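Step one of this worksheet: look at the structure below.
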Amino acid sequence: MKLHNFNSGPSILPQSVLEEASRAILNFNETGLSILEIGHRTPWFQEVLQEAKDSVIQLMQLDDSYEVLFLHGGATTQFMQVPMNLLDEGETAAYCDNGIWGKKAAKEATHFGKVMVVSDSSDRKHTYIPKDFTVPTDAKYLHITSNNTVEGTQWHRFPDVGVPLVADMSSDIFSRPVDFSRFSLIYAGAQKNMGAAGVNLVVVKKEILGRIQRKIPTIMDYQKHIEAGSLMNTPPVFAVYVSMLTLRWILAEGGLAEMEKRSLEKASLLYNTIDSLPVFHAPVVPEDRSWMNAVFFLTNPELESPFLDLCKNEGMIGVKGYRTIGGVRVSMYNALPFESVALFCDLMKDFASRNS
Ligand SMILES: *Cc1c(COP(=O)(O)O)cnc(C)c1O
């Protein structure tokens, strides 16, 4: 049976990327060595790293006031590393709590300075993104989560707040053109839309660094990573390689405008289908719905497990909602073909016709 991979992360990657990566495990670029066996300071890996960085710069249209880093860990590491580098004790950082990841990010920042939660959507179970909040002018930065992977909301227009903007873009990075120059720092764990787990992309505007008194452990210091060109120590070589291949694929497919077009086609079909079938309902307000992760429920909760069983039997993988939220979550990252969403929608219609 053909499987359709709607996993929320780690998640689907382009087939061509998987094929190239598996060839490289045995014989990287006809070197006779595996990508797992080559030194990270060899010209071979330097080329991989350079192409990955150049692709990020090209896709995001960054000027040279920015640096692109590939660092160990997951986005969770950045929850700590961002405030460690940007926020001094006694200073305040503003955070938007629009879901589980933003809340965790805010909590980690309390280890380093004061945290002010300027926006909190928990009053309506994070089914919307509040836009009318203010940020104190002395806040060091405002942290947002561009796409709330678990709750299924997404910023479709970014706030203009007069303080540096920091974004966790883990689950919608490279899914659409954005004016990236509005951000002072962007980070993303690779395993949702960019590659294999184990590496973080960090894009940082150089001018926001070096403004705190704290002594930062070397491995946590963005400035030191910039000086070392992401080669302070052994980077996650294979994960960087898979990201490079995925970035190459995005560029070859037509870049971020094309990714956005495809995402919109997939998301529109899915949300229209949900909205047209009374057995399902999507709680997120239409203007804030995520094009990456659609969260919805069975109107009759007793139908949830039969529906999930049907999905499983039909090869629809990874559609069970997040453990604390329940319901259904369909992730539609860049590599997911339109056809998978179309077949999923057919299944929903079929289920609805037999259960209404
Ligand atoms: C998955 C996710 C995280 C956590 O990523 P890890 O790599 O597991 O640390 C953080 N933020 C967002 C928006 C996510 O989707």
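General remarks:
- Note on Arg182 and Lys2: their simple-model spin labels are 3.8 nm apart, each label 7 Å out from Cα toward Cβ.
- Positive dipole terminus of the range 209-265, leading residue within Met259, Trp249, Gln213 (C-beta point charges): Gln213
- Charge sum, other residues only, whose C-beta stays under 14 Å from Trp249's C-beta, Lys/Arg counted +1 and Asp/Glu -1: -3
- Working from label points 7 Å from Cα in the Cα-to-Cβ sense, the Ile57 to Ile208 distance is 2.0 nm.
- Cα gyration tensor of the chain - equivalent ellipsoid semi-axes, whole Å, descending: 34, 28, 16
- Across the range 158-163, computed HN-Hα scalar couplings (Karplus, 6.51 cos²θ - 1.76 cosθ + 1.60, θ = phi - 60°) run 8, x, 10, 10, x, 10 Hz from first to last residue, x flagging Gly and Pro.
- Note on the chain: GNM, Cα springs under 10 Å; of Val203, Val279, Val166, the largest mean-square fluctuation is that of Val279.
- Cα gyration tensor, the range 225-356 - rounded (a/c under 1.5), prolate or oblate: prolate
- Cα-centre dipole for the chain with unit charges at Cβ (Lys and Arg positive, Asp and Glu negative), debye to 20: 540
- Pairwise alpha-carbon distances in the range 135-198 exceed 18 Å for 36% of all pairs.
- Among the trypsin sites (Lys or Arg not before Pro) in the range 1-63, those located in a DSSP loop and surrounded by at most 16 other Cβ atoms within 10 Å of their own Cβ are Lys2, Arg41.
- Longest exposed-site-free window of the chain, the sites being GluC sites (Glu not before Pro) in a DSSP loop that have at most 13 other C-beta atoms within 10 Å: 90-356
- Whole-Å distance, taken between Cα centres, linking the range 41-62 and the range 298-356: 38
- Evaluating 6.51 cos²θ - 1.76 cosθ + 1.60 at θ = phi - 60° for every residue in the range 322-328, the Karplus couplings come out as 4, 4, 8, 10, x, x, 10 Hz, glycine and proline recorded as x.
- For the range 107-185 and the range 187-212, distance of Cα centres in Å: 15
- Most simply put, the chain has about 55% antiparallel DSSP beta bridges, counting only bridges with both residues inside it.
All of the numbers you see were taken from the coordinates with simple rules; none came from a lab. Keep in mind the model is a prediction, meaning the values are calculated, not measured. A quick note on method: Cβ atoms are made from the backbone with ideal geometry, for glycine too, and the neighbour counts reach across all protein chains shown.
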